[in-house]
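Values quoted throughout were computed directly from the atomic coordinates according to the rules given, and no laboratory measurement underlies them. Just so it is clear, the model here is predicted, and its values are computed rather than measured. Here the Cβ positions follow ideal geometry from the backbone for every residue, glycine too, while neighbour counts run over all protein chains shown.
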Amino acid sequence: MPTKPSTNVHRIIGIDPGTNVLGYAFLDVQKNKASLNNLGVVRLDKYKDHYEKLKIIHQKIAFLIDTYQAQEMAIEAPFYGKNAQSMLKLGRAQGVVISVGVLKGLEITEYAPRKIKQSITGNGNASKEQIAAMLKQILKMDRMPKYYDATDALGVAVCHYLQANPLLKAKGNHYKDWKAFIKENPKKIK
């Protein structure tokens, strides 16, 4: 059952837009401390029609925002790829998500994939696995979700949180880079 934020909790929804799998995560911030509320994915690969996918994205994101009462949205910004058709479809999905956020009155911030990776791991070229491992450590998660799209969405929300709270990086909630994490956590490596 979704939990609604109390008056002293600020809730951020992070979105990793996609046309086959869309990731989302809710991060609660209270007294400059972040905690995971929920994360998951919206599976869209069973829908063949692109416009049907856009309709489902609109419905699901509106439902999630209403259910969890997010106050801000952080979304991964477009990146450039080799396939123009894929980029167009992804851009449409991002536009639908942003329009839902605007209609729901959320403050919206976009982050480039490299910025997200840099803020989480200290390495703008980090892999999805590295981001997931770092988020697991930062938020003390028991287990990881099945899809990296969910942890990518969580990464967007955590990036937004860290950008709004730059002093937290100096308090040990953020490692300079992946090598620093390994050096300080040798027992975490298998």
Self-check item: Derived scalar couplings ³J(HN,Hα) [region 89-106; Karplus, 6.51 cos²θ - 1.76 cosθ + 1.60; whole Hz; x for Gly, Pro]
Solution: 5, 5, x, 5, 4, 4, x, 5, 4, 4, 5, 5, x, 4, 5, 8, x, 7
Practice problem: Pull out the extension gain between Asp49 and Phe63, defined as 0.36 nm times the separation in residues minus the alpha carbon to alpha carbon distance; nm, one decimal. | Solution: 2.9 nm
Practice problem: Give, in nm to one decimal, the length gained when the segment between Ser99 and Arg114 is fully stretched (0.36 nm per residue of separation minus the Cα-Cα distance). | Solution: 3.0 nm
Self-check item: Values of log10 I(q)/I(0), in the order q = 0.10, 0.12, 0.14, 0.20 Å⁻¹, for region 1-116 under a Debye, Cα-only, solvent-free model
Solution: -0.29, -0.42, -0.57, -1.09
Quiz item: Once the other residues with Cβ under 11 Å from the Cβ of Gly101 are scored (Lys, Arg +1; Asp, Glu -1), what is the net sum?
Solution: -2
